[in-house]
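S.K.: Attaching a single structure in structure tokens format; questions to follow.
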Amino acid sequence: MMTCDICIFLFLYVNEKDLYFQVMFPAFFRHLSLVLYQVLECVGVNPWVVERRRHTFLHREAAWDVHEHQEGYDTTCFHFGSQSEGTTTPGLQSDTDQLYTSNNVNIMYSWADWQQGKLNLLMVREEDTPPQHYLLQLIRSDIPQPVTHTDDPDFVTDSQGRIFYSNMAVVRVSVEVHGDRHMRHGPSNSGSEDWDQVSAFHCTTFPPEIISWFTKMQHGYWPSQETLQAAQRCGCFLVPVGYPGSVNQEIEWRFTPNLIERLLMFSLNMVPIKCLVVLKMLKKQEFVKYIHCETCKFTTFHCKTALFFTLNRTPPTIWTKRKLVECIVRCLQTILQFLNQGQCPHFIVEGIDLFDGKLCRECQLGLARAIRGMIQDDMHVLFQLQSDDLGQRVMAVLHDVRSYPGDDVNAGICGRLAKDMFEQYLLHVRKVCYRLFNHAEADVSTRLNNKITLLEDLAVNARTIQYDKNYIKFFVKCLMSVKASVTSSSCIETGQPLPQDIWQLYGESLSTDVASSKLKLASMHYCRGELRRAASVLNEVEFDLNDSVQPVCWCGRKPSRDILSKAFCEYTIHNDSHEQLTKKLAFCVKFLREEKFCAPQFLWCEMYRAYGNDVDHRTSNQRQWMNSAVVDARPFLLYLQYLTYRGLGARHRQLEAFHRLEDIVTSDKFNQLYHRETALNLFGHCCELEGDVMRALDVYNRSLLTRTRNNAANWHDHRLNEMLYNSYLRTVNETENTEVS
């Protein structure tokens, strides 16, 4: 027993196998637990933010599935990990984990699982196959027999003539998609450090290593029988990664029960969730200090595994907010037990050591000493946690000092979730438009009609869940906006009157957001010479486009300063439906080439921005939008106002728009734009129309500093320099003629 300023009674009992802690917490630790519980609420670990995270990622999964289905692909998307579980905070900076699986592939655990007409892959284990890994043998689709010959480079033939699917096939596809941005981390192949993207195969049959878990869990405190029954319907995944150092590493696939793990996480209440968040903070800040080998790593999954085992072994009465600190210590005790015995078992998969290949024995012992010291030091480490200023917040509350406000943090999380969700939606719409207008043989109108009809039929399908219906409704509105503009452009080009149904299309599409569809309507009026109608719509957009509106981009670009509007974030706390959120979003305005007669002629240059061999320097993502004119809503509103009031002879309003656009491109607001070079090009054109050619040239040169290649400023710079040169020649000629006379 020991005494100190903050009393904790710690009894140690040591035997050859385990280290047991019996912790008796006095009143202060119950108070500390309540304070820690409250502070975690303030940094986003509370029921409604956790629920918002989960619902958001379920929406995103549904959007992906609908998008792939209507594009003709039978795939399913899943989100796993901290972001989708709600076990993270802004300070932890967790990445996002996505898993995609093709439903056209049938994974066979036995010959009874064979399906005719599908790509069948049989799970095979050899005597030397590492734990948790299988080989996938290619089986014929017409009869249940192995394939004996293939020229496909994605398959490997072994010495016995068996043909196995290589996990390197996934890597090859990812390299083609992401190019130089491709990154591989374990089974993940992605184009960004912020995303872990895994292509996998779903297996409905559990291997023996998992089946035994269901029986074993019958004797623990957790999970519940209802959760276990639901887990039996989850199946598992085979992900493309071999065992390190294995001779068959490139044809091995690791099975993983991600869906069961997500189900377990979704079944937890707030106490174990907060406990896991604190463990992650300790891992990020403290545990790393005691791991000195470059190849060693103590992971978030180790923390989650310790939580699962602790929940299974601990009575539910322990998991209360008054005992949060005790729960954290109990989880540390479990980790300490794993480190002392030199093995971290997988909670679900039998026979797996999660330390294998992750943590050498020396680092295990060093980390064990550190964790033992944290417990013996009465968990003072909690006051030192820097993530989200957690330690300072706890100390402030304990000393009756006003703590840091939590509402801003929670609002920021909700705002970020809403913005990211609609960015994902717009990326899907962009991809569809790219394929519709670049890879189809039918006329534009027919393509759009077919796509809209397909989506509307899908929305009324009895099997379509509400998540899907919300997304489909939004998707249809976006396509209606494109159809209205494409049809109007064709009529303007040929001098035909607009059809009557065009106004219905515009009307139904105007609620996609507060600005983009309305600005396209105003632009159409301007191009038809209907300046007063254009001015009326622009006034409406100007009124709606206030400080509470958050810009969102179609193209996957990021501004230099990605700052969310505070008013928008506060709005998202209490308004999370699609209809409510679109009232506070402003998408970038995008004109396809098929819509160009609905755009001011100066913007046509943006559709043909390539200069020289610029096209060869476009990424796969850029190829989907760089043949379009795309500009942030606010700069385009002001540019269109400038043109409209110039046409109306309203010089005062024209200059007002000019100076407001000037303010955007010359102030800190410029760094918050997505298409900075296009905003500068529009302002440069305004300078030209004002007769200030030299300033226009300076603006175009600044635009080229922002983006050198694939920038229409190259054309404008060339045009103005040629104009100035010709003007110079005319002046010289006139001077010479005068002298001769």
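The values are calculated or read from the model by the stated rules, or taken from the named source; none is laboratory data. Here the structure is a predicted model, which is why all the values come from computation and not from measurement. Counting neighbours? That spans all protein chains shown, and the Cβs are built from the backbone with ideal geometry, glycine included. Areas reflect the complete protein model, heavy atoms only, side chains present, ligands, DNA and RNA absent. Shrake-Rupley method; radii C 1.70, N 1.55, O 1.52, S 1.80 Å.
S.K.: Filter the range 300-317 down to the residues that are among the polar types (S, T, N, Q) and touching a Leu at 6+ places or on another chain (Cβ under 8 Å) and list them by number.
M.R.: Hit for the range 300-317 is Thr305, nothing else.
S.K.: Would you confirm whether any residue within the range 595-614 is open to solvent by 40 Å² or more (accessible area, probe 1.4 Å), of a type outside the set (Ser, Thr, Tyr) and within 30 Å of Gly415 (Cα to Cα)?
M.R.: Looking for residues that are open to solvent by 40 Å² or more (accessible area, probe 1.4 Å), of a type outside the set (Ser, Thr, Tyr) and within 30 Å of Gly415 (Cα to Cα), one finds none in the range 595-614, hence no.
S.K.: Okay, moving on. What number of residues within the range 198-215 are surrounded by fewer than 18 Cβ atoms within 10 Å (Cβ to Cβ) and not in a loop (DSSP other than H, G, I, E, B)?
M.R.: Adding up the residues that qualify gives 5.
S.K.: Can you list the strands (runs of 3 or more DSSP E) lying wholly within the range 26-126 that have 3 or more residues being touching a helix residue (DSSP H, G or I) at 6+ places or on another chain (Cβ under 8 Å)?
M.R.: Once the strands (runs of 3 or more DSSP E) in the range 26-126 are filtered for at least 3 residues that are touching a helix residue (DSSP H, G or I) at 6+ places or on another chain (Cβ under 8 Å), what remains is 75-80, 96-102.
S.K.: Quick check on my filter: what residues within the range 591-621 are within 25 Å of Gln424 (Cα to Cα) and in contact with a strand residue (DSSP E or B) (Cβ under 6 Å, 6 or more places away or on another chain)?
M.R.: Across the range 591-621, the qualifying residues are Phe591, Glu606, Met607.
S.K.: Would you list the helices (runs of 4 or more DSSP H) that sit entirely within the range 636-741 and hold 2 or more residues that are touching a His at 6+ places or on another chain (Cβ under 8 Å) and open to solvent by less than 50 Å² (accessible area, probe 1.4 Å)?
M.R.: By residue number, 676-689, 693-706.
S.K.: Which one of these does Phe80 not meet: (1) surrounded by fewer than 21 Cβ atoms within 10 Å (Cβ to Cβ); (2) under 20 Å from Pro187 (Cα atoms)?
M.R.: (1)
S.K.: Condition first: farther than 30 Å from Met168 by Cβ, open to solvent by 30 Å² or more (accessible area, probe 1.4 Å) and modelled with pLDDT of 95 or more. Can you find one or more residues in the range 253-266 that meet it?
M.R.: Among the residues of the range 253-266, at least one is farther than 30 Å from Met168 by Cβ, open to solvent by 30 Å² or more (accessible area, probe 1.4 Å) and modelled with pLDDT of 95 or more, which makes the answer yes.
S.K.: Additional query: Can you find even one residue in the range 298-307 that is open to solvent by 10 Å² or more (accessible area, probe 1.4 Å), out of contact with any Asp or Glu (no Cβ under 6 Å at 6 or more places or on another chain), of a type outside the set (S, T, N, Q) and more than 28 Å from Pro208 (Cα to Cα)?
M.R.: The answer is no; no qualifying residue exists.
S.K.: Right, next: Do we find a residue being closer than 21 Å to Leu603 by Cα, modelled with pLDDT of 95 or more and not in a helix (DSSP H, G or I) anywhere in the range 472-493?
M.R.: The answer is no; no qualifying residue exists.
S.K.: If I filter the range 216-248 down to residues being at pLDDT 90 or above, part of a helix (DSSP H, G or I) and of a type in the set (S, T, N, Q), which single residue comes out as surrounded by the most Cβ atoms within 10 Å (Cβ to Cβ)?
M.R.: Among them, the one singled out is Thr227.
S.K.: Further, regarding this structure: With respect to Arg125, determine if the residue is at pLDDT 90 or above and loosely packed, with under 15 Cβ neighbours inside 10 Å.
M.R.: yes
S.K.: Which residue pairs have Cβ atoms under 6 Å apart, sit 6 or more places apart or on different chains, and have a first residue in the range 701-716 that is charged (D, E, K, R) and a second that is part of a helix (DSSP H, G or I) and open to solvent by 10 Å² or more (accessible area, probe 1.4 Å)?
M.R.: That search, which allows pairs on different chains as well, returns Arg709/His617.
S.K.: Let me ask something additional. Does Asp158 count as among the acidic types (Asp, Glu) and over 20 Å from Leu119 (Cβ atoms)?
M.R.: Spelling it out, it is not the case that Asp158 is among the acidic types (Asp, Glu) and over 20 Å from Leu119 (Cβ atoms).
S.K.: Inspect the range 62-73 for any residue being within 17 Å of the chain's Cα centre (by Cα), under 30 Å from Asn269 (Cα atoms) and open to solvent by 50 Å² or more (accessible area, probe 1.4 Å) and give the result as yes or no.
M.R.: No: zero hits.
S.K.: For the range 128-193, please list each of the strands (runs of 3 or more DSSP E) lying entirely inside it that holds at least 3 residues being of a type in the set (Val, Ile, Thr) and open to solvent by less than 40 Å² (accessible area, probe 1.4 Å).
M.R.: Correct list: empty, since no element meets the threshold.
S.K.: Oh, and also: Can you find even one residue in the range 427-440 that is assigned to a loop (DSSP other than H, G, I, E, B), over 26 Å from Arg646 (Cβ atoms) and modelled with pLDDT under 90?
M.R.: Checking the range 427-440: at least one residue is assigned to a loop (DSSP other than H, G, I, E, B), over 26 Å from Arg646 (Cβ atoms) and modelled with pLDDT under 90.
S.K.: Right, here's the next one. Would you confirm whether any residue within the range 563-579 is β-branched (Val, Ile, Thr), open to solvent by 20 Å² or more (accessible area, probe 1.4 Å), at pLDDT below 95 and in a loop (DSSP other than H, G, I, E, B)?
M.R.: Yes, that holds for at least one residue.
S.K.: What pairs come up if the first residue lies in the range 207-218 and is on the phi < 0 side of the Ramachandran plot, the second is buried (at least 18 other Cβ atoms within 10 Å of the Cβ) and of a type in the set (Val, Ile, Thr), and their beta carbons are under 7 Å apart, counting only those six or more places apart or on different chains?
M.R.: Close Cβ pairs (under 7 Å, with a partner that is buried (at least 18 other Cβ atoms within 10 Å of the Cβ) and of a type in the set (Val, Ile, Thr)) amount to Glu209/Val349; Ile210/Ile348; Ile210/Val349; Trp213/Ile348.
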